[in-house]
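What follows is one structure encoded as structure tokens, with my remarks underneath.
The values are calculated or read from the model by the stated rules, or taken from the named source; none is laboratory data. Please read these numbers as outputs of a predicted model, since none were measured by experiment. Ideal geometry is used to build each Cβ from the backbone, glycine not excepted, and the neighbour counts take in all protein chains shown.
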Amino acid sequence: MQTVVQQRYPEKLSFSDLRVPTGMPLTLDLAAPARREQVRLIGVEKDTALIVSLPEKALKDLLNEGSLLKARFLLKTGFVNFGVRVLALVSEPFPHMFLSYPSMIEMRKVRSAERVTTRIMANIDSHFNIDATWPKDGIIEDLSKTGAKIRSRDRLGEFGHELLLEFDLVLPDMTRNVRLSAIIRNAHVESEVVGEPHFVFGVQFLEMSEDARLTLNNFIYEQR
């Protein structure tokens with residue numbers, strides 16, 4: 001069992017402090033109706049607007065100028081969350097949109113987490129359209145209250161991409177199905193062994209129900 005400790009960040013920062021690179025994946029959430037999509041940052045006009053790709057799926061038919069969105073993305077140093085408003089939707093010369101420049105952003109750091117070694121089969125899906133072959137299979141090789149290490153024969157995504165995980169945890173008196181969302185923090189390819197998966201991903205959990213949280217806590221406690 002391993003304990004991972006990460007430092008906390010200041011709660012408030014300006015967007016310009018982060019020097020976010022173009023191409024960064026952003027997750028956009030629309031409250032009503034509830035929808036989520038991933039886009040990429042194309043450019044920034046400081047104090048004026050963010051320019052991002054136009055979502056290819058559900059959101060693009062629901063967005064209008066003035067739509068309010070919650071945005072988030074992952075840097076190597078922590079999670080970034082902020083609110084934005086759609087300023088303009090543009091179709092030419094390529095689909096993109098302008099979002100209001102965030103006046104203030106919040107950063108969230110991960111708390112300490114015990115990791116336990118596991119071998120749990122997982123069903124993995126994604127909103128990010130890397131290819132058409134979703135869902136995919138993976139093996140959870142270690143697990144904590146805040147994240148996991150996943151090995152797969154398939155490429156599940158890149159840094160900052162979000163995944164939807166489903167797996168079973170065996171407790172002393174029952175087996176519980178867990179569903180939650182996670183974000184890729186790191187990815188690498190290990191030396192391929194015939195018949196064995198060789199893409200390895202470190203993911204951090206984003207949102208989970210209270211039931212899923214309790215199930216994770218109980219499972220990790222039982223592995224001590």
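Considering only segment 188-207, state which residues are closer than 21 Å to LEU75 by Cα and at pLDDT below 90.
Once the filter is applied, which keeps residues that are closer than 21 Å to LEU75 by Cα and at pLDDT below 90, segment 188-207 yields HIS188, VAL189, LEU206, GLU207.
Can you name every residue in segment 135-176 that is crowded, with 16+ Cβ neighbours inside 10 Å and in a loop (DSSP other than H, G, I, E, B)?
Passing the criteria: SER144, LYS145, THR146, ASP154, LEU156, GLY157, PHE159, GLY160, HIS161.
Considering segment 55-109 alone, what residues qualify as being modelled with pLDDT under 90, closer than 23 Å to LEU18 by Cβ and aliphatic (A, V, I, L, M)?
LEU74, LEU75, VAL80, MET104, ILE105, MET107
Could you check ALA113 against (1) over 30 Å from VAL170 (Cα atoms); (2) at pLDDT below 85; (3) buried (at least 17 other Cβ atoms within 10 Å of the Cβ) and say which number it fails?
Unmet condition: (1).
Looking at segment 171-180, can you tell me whether even one residue there is modelled with pLDDT of 95 or more and either touching a Lys or Arg at 6+ places or on another chain (Cβ under 6 Å) or of a type in the set (Asp, Glu) (or both)?
No.
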